[in-house]
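Novice: Here it is, the structure in full.
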Number of protein chains: 2
Amino acid sequence: MPSDESFVAVTCTAPVNIAVIKYWGKRDEELILPLNSSLSVTLHQDQLRTTTTAAISRDFLEDRIWLNGQEEDVEQPRLQACLRETYTLARIYGVEGDLSEVARRGSGSACRSLYGGFVEWQMGQRADGRDSVAWQVASESHWPQLRVLILVVSAERKPTGSTVGMQTSVQTSDLLKFRAEALVPARMAEMARCIQERDFPGFAKLTMQDSNQFHATCLDTFPPISYLNDTSQRIMQLVHRFNAHHGQTKVAYTFDAGPNAVIFTLEDTMAEFVAVVRHVFPPEANGDKFLKGLPVTPVPVSDDLKATLAMEPVPRGVQYIIATQVGPGPQVLDDPDVHLLGQDGLPKPRPAA
Amino acid sequence: MPSDESFVAVTCTAPVNIAVIKYWGKRDEELILPLNSSLSVTLHQDQLRTTTTAAISRDFLEDRIWLNGQEEDVEQPRLQACLRETYTLARIYGVEGDLSEVARRGSGSACRSLYGGFVEWQMGQRADGRDSVAWQVASESHWPQLRVLILVVSAERKPTGSTVGMQTSVQTSDLLKFRAEALVPARMAEMARCIQERDFPGFAKLTMQDSNQFHATCLDTFPPISYLNDTSQRIMQLVHRFNAHHGQTKVAYTFDAGPNAVIFTLEDTMAEFVAVVRHVFPPEANGDKFLKGLPVTPVPVSDDLKATLAMEPVPRGVQYIIATQVGPGPQVLDDPDVHLLGQDGLPKPRPAA
């Protein structure tokens with residue numbers, strides 16, 4: 001049996017981030033250096049988070065890792081790259097290294113999850129990638145009215161993985177190169193301005209344009225990559241008609257490497273937009289699990305708005321909605337009960353879902 | 001009653017053309033001058049054609065026009081632009097004017113239907129558009145093995161009209177401008193080479209890439225334009241997997257401003273590809289009308305190929321197929337019985353469909 005004194009465990013939670021200026025394509029595959037800078041919104045961990053426990057003990061015989069309860073090969077290159085960087089950090093223990101450089105080596109966009117609020121990942125210029133790091137554009141308390149809805153869509157087709165997809169795009173899409181070099185720099189500056197000034201219509205329009213341009217470069221890839229399905233397209237149409245009805249841009253969509261929509265809106269519009277989603281995508285009869293996360297007051301959809309939308313309801317096109325908001329960066333949890341690993345260094349039995 | 005001598009009628013048929021390097025966007029709305037050159041294949045009129053009768057008589061009191069049996073306003077600007085040009089031509093009767101300039105004034109891409117075979121519409125440089133004309137790259141007998149399949153897909157969403165769609169793209173898509181200026185010139189040259197050398201893999205790959213890039217610029221338009229639905233996407237996937245199975249590019253797709261696919265292949269591959277479409281999109285029980293046009297011998301799909309495709313059959317995703325080939329330009333019909341207009345200048349009753 002291991003002795004208590006030799007065992008140290010730390011448990012952290014990290015947030016999910018959603019890019020509003022998209023990252024797609026690397027200029028260096030090993031160092032994970034991006035073709036262009038990107039900018040994301042960190043989502044609140046009350047609704048979505050990852051939890052990680054790291055444990056060390058003099059009684060442990062080897063390095064082992066589990067993801068979602070499944071043991072993974074600790075020798076795989078990306079994991080080794082992260083561990084190497086972290087050991088590096090351990091050597092300079094007490095001096096704070098730039099963790100976003102470590103995170104980048106695991107998964108590029110993960111480096112944007114190291115801060116709360118609004119985060120930019122600068123592409124950097126150096127060949128060794130030391131300047132390709134994330135920094136906070138504005139904190140999680142900067143724009144308290146902003147709300148986020150995740151519309152989970154059923155996917156029939158298995159989407160192309162983003163690592164392979166990006167490689168194919170870099171090799172074959174002329175539009176991607178042009179976007180990265182000629183268009184993204186101005187978009188980064190404009191997006192930062194919209195966030196700083198809390199200019200929702202500007203933020204919303206550019207968010208939609210950048211999502212569309214990212215998916216355009218996927219379609220320009222050969223063979224083409226398609227993440228948007230008919231339900232995604234209907235959500236896009238719904239958003240544009242909703243905005244047209246109101247005569248202003250009150251809602252924005254963005255899509256990553258899959259058909260789910262992430263919607264940005266303001267507090268005062270969330271209830272009406274959720275009602276409209278419910279109208280166009282009626283949930284199962286037992287629809288009480290349709291909305292998760294932040295509470296949203298049910299409101300009616302006016303006949304006038306229904307007429308502008310002019311969309312036939314498609315039952316179950318959207319499986320459920322998660323309502324959330326902007327949130328903080330990673331958190332260290334104090335309660336020892338939250339550790340995912342026991343004193344034997346193995347995953348604890350997980351509670352039934 | 002009009003006297004026979006005063007009545008003159010001419011009936012022509014004109015072909016449909018399918019662009020393999022796409023036209024999208026005008027640099028001059030009134031003259032219909034395109035942002036870039038385009039290149040198309042003229043389809044055979046045995047399967048698809050338009051029929052037009054023009055009649056003049058000293059007894060007629062006014063200009064009138066019918067489209068598909070419905071009378072249209074003869075004063076509408078595009079029609080007037082065509083008629084003005086044609087009068088122009090009448091004055092120089094006996095001297096052949098460039099008809100493609102006339103056709104362009106009606107609908108840009110229509111000018112490519114004035115020739116058979118493979119036709120280029122040069123964008124031209126002049127402000128008055130006199131050099132924005134079509135010419136034949138290769139005749140209809142140049143590549144006799146080439147076959148065309150039109151896969152008619154049911155559309156739920158009403159597509160954006162191409163005139164308005166193009167205007168919005170020109171105003172909002174940075175990728176469209178880049179494509180037109182920086183990418184299309186090299187693509188035009190490469191496509192002409194593929195056609196001249198009957199290089200099917202080269203022709204097929206570039207055809208698919210250009211279709212995808214056109215739809216990418218539609219998606220980059222704001223609000224975005226989407227012509228491809230889930231069935232279109234499945235057809236694209238089917239083509240790529242079919243080619244992967246054979247280890248060579250034996251089939252190509254292209255899509256215009258709607259979800260229907262136009263497939264290019266060679267004579268020796270047509271039967272197998274039709275069988276594969278039938279496998280993935282099983283027709284109605286009474287499937288004898290599924291294939292129209294050129295006869296295609298039924299062949300089985302190997303289990304091996306079915307395994308590579310790995311696609312669940314979607315009944316009725318494709319409504320029917322028209323099998324056709326490359327064909328000649330407009331034809332004047334000699335038989336007076338084919339005139340659509342009677343001696344009174346009014347449309348003849350049309351035979352029941």
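Rule-based calculations on the coordinates, nothing more; no lab input. Note that the coordinates shown come from a computational prediction; the quantities given were computed from them, not determined experimentally. Quick reminder, even Gly has a Cβ in these numbers, built from the backbone with ideal geometry, and neighbours come from all protein chains shown.
Novice: In vacuo Debye scattering of the range A:273-323, one point per C-alpha: log10 I(q)/I(0) at q = 0.27, 0.28 Å⁻¹?
Specialist: Log10 of I(q)/I(0), two decimals: -1.12, -1.17.
Novice: While we're on this one: Rounded to the nearest 0.05, what FRET efficiency do B:Lys289 and A:Arg58 have when you use their Cβ-Cβ distance and R0 = 56 Å?
Specialist: Efficiency computed from Cβ-Cβ geometry: 0.10.
Novice: Then there's this: Please report the Cα spread of the protein assembly as shown along all three principal axes, rounded to whole Å, starting with the longest.
Specialist: Principal extents (Cα only, largest first): 114, 54, 53 Å.
Novice: Taking H as built 1.01 Å from N, whose amide H comes closer than 5 Å to the amide H of A:Ala138, not counting residues under 5 places away?
Specialist: When sequence neighbours closer than 5 places are left aside, the close amide H contacts are A:Phe118.
Novice: What number does the range B:255-348 give for Rg over Rh if you use C-alpha atoms and the Kirkwood radius?
Specialist: On the way: Rg = 18.8 Å, Rh = 16.5 Å.
For the range B:255-348, the value is 1.14.
Novice: Let me ask something additional. Read phi for every residue in the range A:185-200 and hand back ³J(HN,Hα) as whole Hz from Karplus 6.51 cos²θ - 1.76 cosθ + 1.60, θ = phi - 60°, with x for Gly and Pro.
Specialist: Per-residue couplings from phi come out as x, 5, 5, 4, 5, 5, 5, 4, 4, 4, 5, 4, 8, 6, 8, 5 Hz.
Novice: Could you work out [θ]222 nm for chain A from helices alone, using -39500 (n - 2.57) per DSSP H run of at least four and dividing by all its residues? Round to the nearest 500 deg cm²/dmol. Don't skip to the answer; put the middle values down first.
Specialist: On the way: 9 runs with 110 residues, N = 353.
Using -39500 (n - 2.57) per qualifying helix, the result is -9500 deg cm²/dmol.
Novice: Continuing with the same structure: Determine the principal axes of the Cα atoms in chain A, then give the extent along each, sorted from largest to smallest and rounded to whole angstroms.
Specialist: Between the extreme Cα coordinates on each principal axis of chain A lie 69, 48, 39 Å.
Novice: How large is the direction-averaged shadow of the alpha-carbon convex hull of the range A:107-178, in nm²?
Specialist: On the way: hull surface 30.2 nm².
Over all viewing directions, the range A:107-178 projects a mean Cα-hull area of 7.5 nm².
Novice: Right, here's the next one. Listed here are the pairs A:Lys22/A:Lys250; A:Lys158/A:Lys250; A:Lys177/B:Lys177; B:Lys177/B:Lys205; A:Lys22/B:Lys22; A:Lys22/B:Lys177; which of them are more than 24 Å apart at the Cα? Don't jump to the answer; show the numbers that get you there.
Specialist: Numbers: A:Lys22/A:Lys250 21 Å; A:Lys158/A:Lys250 32 Å; A:Lys177/B:Lys177 14 Å; B:Lys177/B:Lys205 22 Å; A:Lys22/B:Lys22 27 Å; A:Lys22/B:Lys177 21 Å.
Violating the 24 Å Cα-Cα cut-off are A:Lys158/A:Lys250; A:Lys22/B:Lys22.
Novice: In whole Hz, with x marking every Gly and Pro, tabulate ³J(HN,Hα) for the range B:250-264 from phi via Karplus 6.51 cos²θ - 1.76 cosθ + 1.60, θ = phi - 60°.
Specialist: Calculated HN-Hα couplings, in order: 9, 9, 10, 10, 8, 10, 9, 7, x, x, 5, 9, 10, 10, 10 Hz.
Novice: Please give, to one decimal in nm, the separation of the simple spin-label points placed at B:Val152 and A:Ser154, each 7 Å out from Cα toward the Cβ.
Specialist: A separation of 3.0 nm, rounded to one decimal place.
Novice: The range B:6-78: which trypsin sites (Lys or Arg not before Pro) are DSSP loop and have at most 16 other beta-carbon atoms within 10 angstrom? Please report the intermediate quantities before stating the final value.
Specialist: Working: sites: B:Lys22, B:Lys26, B:Arg27, B:Arg49, B:Arg58, B:Arg64, B:Arg78; in loops: B:Lys22, B:Arg49, B:Arg58, B:Arg64.
Those satisfying the criteria are B:Arg58, B:Arg64.
Novice: In a Debye calculation with equal point scatterers on the alpha-carbon sites of the range A:151-202 and no solvent, what is log10 I(q)/I(0) at q = 0.13, 0.15 Å⁻¹?
Specialist: Values returned for q = 0.13, 0.15 Å⁻¹ are -0.59, -0.73.
Novice: Name the aspartates and glutamates eligible as straight-distance cross-link partners of B:Lys306: C-alpha to C-alpha under 15 Å, and not fewer than 8 places from it in the same chain.
Specialist: B:Glu272
Novice: Using modelled amide H (1.01 Å from N, peptide plane; none on Pro or chain starts), what sits under 5 Å from the amide H of B:Ala261, excluding residues fewer than 5 places away?
Specialist: Answer set, sorted by chain and number: B:Leu151, B:Val153.
Novice: Here's a follow-up. Identify all lysines with a Cα-Cα distance to B:Lys289 below 23 Å; exclude those on the same chain that are fewer than 8 residues away in sequence.
Specialist: Partners found: none.
Novice: Would you mind checking which residues have amide H under 5 Å from A:Gln325's amide H? H placed 1.01 Å from N; only 5 or more apart, or other chain.
Specialist: Here the answer is A:His44, A:Val148, since their amide H atoms fall under 5 Å of that of A:Gln325.
Novice: Need one number: nm distance between label points at A:Ala182 and A:His246, each 7 Å from Cα along Cα→Cβ, rounded to one decimal.
Specialist: Roughly 3.4 nm, to one decimal.
Novice: Still on this structure, please answer the following. Whats the longest run of chain B with zero GluC sites (Glu not before Pro) that are DSSP loop and have at most 16 other Cβ atoms within 10 Å? Please report the intermediate quantities before stating the final value.
Specialist: Numbers: sites that count: B:Glu29, B:Glu30, B:Glu62, B:Glu75, B:Glu96, B:Glu156, B:Glu197, B:Glu284.
The longest uninterrupted stretch comes out as B:198-283.
Novice: Which shape class applies to the range A:308-353: rounded if a/c is under 1.5, otherwise prolate when a/b exceeds b/c and oblate if not, where a ≥ b ≥ c are the square roots of the Cα gyration tensor eigenvalues? List each step's numbers first, then the result.
Specialist: Values: a/c = 6.09, a/b = 2.30, b/c = 2.65.
Note, shape of the range A:308-353 comes out oblate.
Novice: Now for a different question. Place a +1 charge on the Cβ of each Lys and Arg in the range A:205-353 and a -1 charge on the Cβ of each Asp and Glu, then give the dipole magnitude about the Cα centre in debye, rounded to the nearest 20.
Specialist: Numbers: 11 positive and 16 negative charges, 62 e Å.
That gives the range A:205-353 a dipole magnitude of about 300 debye.
Novice: Could you work out how far apart the two model spin labels at B:Tyr320 and A:Leu346 are, taking each label as a point 7 Å from the Cα in the direction of the beta carbon, and quote it in nm?
Specialist: 6.6 nm
Novice: Ok, one more. Could you state the angle between the C-alpha long axis of helix B:230-246 and the longest principal axis of the C-alpha atoms of chain B, as a value from 0 to 90 degrees rounded to the nearest 10?
Specialist: With rounding to tens, the tilt is 60 degrees.
Novice: For the range B:150-203, with only Lys/Arg (+1) and Asp/Glu (-1) charged at the beta-carbon, what is the dipole magnitude about the Cα centre, in debye rounded to 20?
Specialist: Details: 7 positive and 6 negative charges, 29 e Å.
Roughly 140 debye, rounded to the nearest 20.
Novice: Which whole-Hz ³J(HN,Hα) couplings does the range A:126-134 yield from phi under the Karplus relation 6.51 cos²θ - 1.76 cosθ + 1.60, θ = phi - 60°, glycine and proline marked x?
Specialist: The phi angles translate into 6, 5, 8, x, 4, 9, 9, 9, 9 Hz.
Novice: Is the C-alpha gyration tensor of the range A:193-321 telling us rounded, prolate or oblate? Criteria: a/c under 1.5 is rounded; beyond that, a/b larger than b/c is prolate, otherwise oblate.
Specialist: Working: a/c = 1.69, a/b = 1.21, b/c = 1.39.
Oblate, since a/c reaches 1.5 and b/c is not below a/b.
Novice: Sticking with this structure for a sec: Binned at 5 Å from 0, what are the whole-percent values of the Cα-Cα distance distribution for the range B:136-266, short to long?
Specialist: 2, 10, 17, 20, 19, 17, 11, 4, 0
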